[in-house]
1. Can you order the peptides 97-103, 138-144 by their average number of other Cβ atoms within 10 Å per residue, highest first?
2. So which lysines pass the test for Lys29, namely a Cα distance under 22 Å, with those fewer than 8 places away in the same chain ruled out?
3. Report Rg (one decimal) and Dmax (nearest whole number) for the range 74-148, counting Cα atoms only, units Å.
Amino acid sequence: MDLRKLKTLIDLVSESNISELEIAEADGKVRIVKTPAAAPAAPAPAPPPPVLSAPAFPGERTVPEPSPPAPIGDVVKSPMVGTFYRSANPESEPFVEIGSVVKVGDPVCIIEAMKIMNEIEADAAGTIREILCENGQAVEFGQPLFVIE
């Protein structure tokens, strides 16, 4: 791939909403991943300290809010960026509901990416305990979709 074509692809990715692009040609393969704007050599900033409210009364202590617990069970994550759908079409029943029993390989949802409907399968056997996305919601790569227990 020539340098001008590569530069054009980099410009297209940087100006668009996509975060990753991979192109394979006869002479090789190129993968461009857009990361948040940051100084490349600078270390990542430290996370901000927890926000505490001022005590209402002198001597009163405040405690930070606990973070929500991590889901218990196997988490089915999105393998791509796209739109999450619980059923094959608007008129049909959802693939799974809370309490549905699934086996490895059973379809659990569809993710539409670039006008292609990709059926997502359960990667563990068990019972659907949580559905973490709404029908029609945009999802990111690696975003949790379901919890199977």
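1. 138-144, 97-103
2. Within reach: Lys5, Lys7.
3. Every Cα atom of the range 74-148 included, Rg and Dmax give 11.1, 31 Å.
We did not get these values from a lab; they are worked out from the coordinates using the rules stated. The shown structure was predicted, so the numbers you read here are calculated from the model rather than taken from an experiment. Cβ atoms come from the backbone with ideal geometry, glycine included; neighbour counts cover every protein chain shown.
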